[in-house]
1. Would you list the strands (runs of 3 or more DSSP E) that sit entirely within region 427-500 and hold 1 or more residues that are without any contact (Cβ under 8 Å) to a residue 40 or more places away in the chain and not assigned by TED's automatic domain parsing to the domain that holds residue 557?
2. Let me spell it out: the conditions are (1) buried (at least 22 other Cβ atoms within 10 Å of the Cβ); (2) closer than 30 Å to residue 553 by Cα; (3) over 22 Å from the mean Cα position of the chain (by Cα), and residue 453 meets all of them except one. Which number is the exception?
3. Within region 617-634, track down each residue that is out of contact with any strand residue (DSSP E or B) (no Cβ under 6 Å at 6 or more places or on another chain) and either surrounded by 15 or more Cβ atoms within 10 Å (Cβ to Cβ) or modelled with pLDDT under 90 (or both).
4. Quick check on my filter: what residues within region 386-403 are touching a strand residue (DSSP E or B) at 6+ places or on another chain (Cβ under 8 Å) and either without any contact (Cβ under 8 Å) to a residue 24 or more places away in the chain or part of a strand (DSSP E or B) (or both)?
5. Among the residues of region 259-289, count how many are farther than 23 Å from residue 494 by Cβ and crowded, with 21+ Cβ neighbours inside 10 Å.
6. Which condition does residue 73 not pass, out of (1) in contact (Cβ under 8 Å) with a residue 60 or more places away in the chain; (2) out of contact with any strand residue (DSSP E or B) (no Cβ under 8 Å at 6 or more places or on another chain); (3) farther than 20 Å from residue 154 by Cβ, if it passes all the others?
7. Can you name the residue in region 92-117 that is in a loop (DSSP other than H, G, I, E, B) and touching a helix residue (DSSP H, G or I) at 6+ places or on another chain (Cβ under 8 Å) and, of all such residues, is farthest from residue 525 (Cα to Cα)?
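The values are calculated or read from the model by the stated rules, or taken from the named source; none is laboratory data. The shown structure was predicted, so the numbers you read here are calculated from the model rather than taken from an experiment. When we count neighbours, we look across all protein chains shown, and the Cβ atoms used for this are built from the backbone with ideal geometry, even at glycine.
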C-alpha cells in the first residue's frame, strides 16, 4: 500500500465570469518519499498524491490551473489529448516555458471537448516517478451516474535515470528478474535450439515485450482498489487511462463482457469484447455490468509481460476474481520474429498485410489453448458520426519506425528528433501519414493538439484518436486536419524511454507568430534536441586473481568514446590499453568507425610472429590507429585496425553468450595470436562472480563489476 510521507492539499474553486464557468485548480508539486512494501524511494507528488489528483471539468468551462513548483528542479505539465492554444500545450522549451524551481506557472484555456484524458510531466523522466493525473470532462447535458477512473501505471524502485542508462547498455538484468531469459539451456529444454541459433544468426537479442522490470503495477496509485457501492444490474463506466511509462496492459473483467464506448476521449460505436490491450498513453472508456448481488467482481489490468497486475473490485460481497494470465511463450514469439526478420535487420511481413492490430499474436506468444474470445482491434472501432476531414489539399508522408535494441536507439526514418528538420505544415492542410513499423517493438505514437483518423474498414466512420499503437511489421495510415493556426506540435512514441532516445517528429505551422513563452526559440530548441543527444556512462571492470581487465565508455545515439585495458600483476604479464572515439554507421548500427590510441608493454625477450608471418608488436606498442568494428551474425564482432606505422590487426570476439539464466560465456582472438575465454555468473545487476584465462595473463578468478 502506498504511504505518502509529505503532501499538500488540493485547492479547487468554481466561479462564474460573464456567464461562463471558470474552474480553478492549484497544484503544488514537490519531492517526497513513498513507501511500497518496505521499499522507500524519492518520487514526485502533487498535492500529496501519486498519481496527481483527477481534474474534473464540463465541456465549455474555462480552465485556470496554477502549478506551484516546490522542487529544486524544473518541471512541466502536458495536457494529453486536449485541444488548446499551442503555448498551453506544456512541452518545455518547445511550446511552453518550463516551470522553474520554486516558481508558479499559470495555464489557462477553454475546454473545447468532452471525454477522458490525462496530464503528465514532459520533463525528462518525471512521469516515471509519479507526475501524472487524470482529466474527466463531462458533456454539458449529461453526466454518468456510475463512473470510475482507473489510471494505470508502472512503478520501479530503481531510479529511472539508471533504468534509462541500463537500457542503452543492453543489460538483461530486467529479463533475469522477470524469468524471461531465453538462454541456450532453456532453448534445449523447449526443443528450440534451432530457433535460438537462427535468432542470433539474424543478430536479434532475445525478445521481450517490455524492456523494464517493474516491482508493481498501480491503479490510481494502489495495487488494488475496492468500490463496494455497486449493485446487481448496475452499468458502470470505467475510464481507463494507461499512464505507464512503458507497460501495455491486458484488460479483463470477471463479470462478463466489456463494452468499449470511447477511445482517447472520442466516442465510438459500442463494441462488445472479452478483453483488450491498452497501449502506453491510450485511453478506453468501457462499460461493464454487475451480474449478481452480494458479489464483488474483479476488473484486472495485467502487464503485457505477465509479471504483475492491478485490480479494481466492483461490488460488495464474495470476490469473483480472475486467474493469472499464463506465462509468455518467448520461443514461439522468437520463432515468429525469425520468420519476419532478415539477416540485414529488415522486417518482412511475408505478404500478411499486417495492419490495425488484426493479427492475433496471442496464438503465438501466449501459453494458452485456442480461445475464441473476442479481442479488440482497431478495425472494430467506428466513429458514431462521420469523421471525414474537411476539404483541403492533401499531403502524404511516410514514416518508418526504426530501432536498434542492441544500443536502445529509436528513430523515425533512421533519424532522431534532433537529427530531423521540423515538418512544415499549413493551416487547412490535410496530412496523411503512412506509418511502417520496421522494428521488433510496439510503438504508441501520440500527436499533440490534434485528433487523427485511423483509416479502417469503416471508411467515412473511421475512428478518431490521438494515439495509434503500431505492432511490429504493421503498416497503418492516419490522417489529420491542420486545424490549428500556429505553433509547433510534437508527434512521438509515448514509451518514455523511446521518446527520450529520439523517436518522434515536430510539426510546425508555417508563418507562426513568435511564442511569448519562448523568447529565444533557437536556444530553446537546443534544449529540446539535447534530450536524444545525451551521453551515457557504462563500465565493466574485472577484478580477478590474475589482474584486471575491463572497459569504460561514454556513448550516445551515434558516438562512442571508450577505453579498455588489461592490467597484469607484473610486467611479465603485461599492461595494455586502447582508447577509441568512433561513430556508429547505418540504420542498424552494425558498423563502428573509430580512431584512437593503442599502448602496451610486456617484459619479455621473446620475438613472436603474428598470423601473417610478420613480427608481432603485442609486447611493445604505442601507436595511433584507425579501424572498423562490424557486428556479424551470432553477434561476433570483427575489429579490423591499422596503426600509423602500417601494422594491421584483426580481432574476433563474442560477449554475453547466455548459457543459463545467469551464466554467461565470452571469448576473443586476434591475429597477434592473443586469446582469452571467460565466464561470469550474474549475482546482482552490478556484480558477477567471474573467471577467465588470458594467453598473456593466465588464469584468474574473482568478481566483475558491471555498471
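1. Numbers: elements: 430-437, 443-447, 452-454, 467-470, 475-481, 488-493.
Counting at least 1 such residues, we get 430-437, 452-454.
2. Of (1) buried (at least 22 other Cβ atoms within 10 Å of the Cβ); (2) closer than 30 Å to residue 553 by Cα; (3) over 22 Å from the mean Cα position of the chain (by Cα), only one is false for residue 453: (2).
3. 617, 618, 619
4. Matches in region 386-403: 394, 395, 396, 397, 398, 399, 400, 401, 402, 403.
5. Initial filter on region 259-289 (farther than 23 Å from residue 494 by Cβ): 259, 269-272, 274, 287-289.
From the residues that got through so far, the ones that are crowded, with 21+ Cβ neighbours inside 10 Å too are 288.
Count: 1.
6. Condition not satisfied by residue 73: (1).
7. Here is the first cut: in region 92-117, the residues in a loop (DSSP other than H, G, I, E, B) are 93-95, 97-98, 100-102, 111-114.
Within this subset, residues satisfying the condition of being touching a helix residue (DSSP H, G or I) at 6+ places or on another chain (Cβ under 8 Å) are 93-95.
Working: 93: 6, 94: 7, 95: 10 Å.
This residue is 95.
For (1) at pLDDT 95 or above; (2) touching a helix residue (DSSP H, G or I) at 6+ places or on another chain (Cβ under 6 Å); (3) surrounded by fewer than 18 Cβ atoms within 10 Å (Cβ to Cβ), each residue gets a yes or a no:
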| residue | (1), (2), (3) |
| --- | --- |
| 201 | no, yes, yes |
| 222 | no, no, yes |
| 230 | yes, no, no |
| 241 | yes, no, no |
| 251 | yes, no, no |
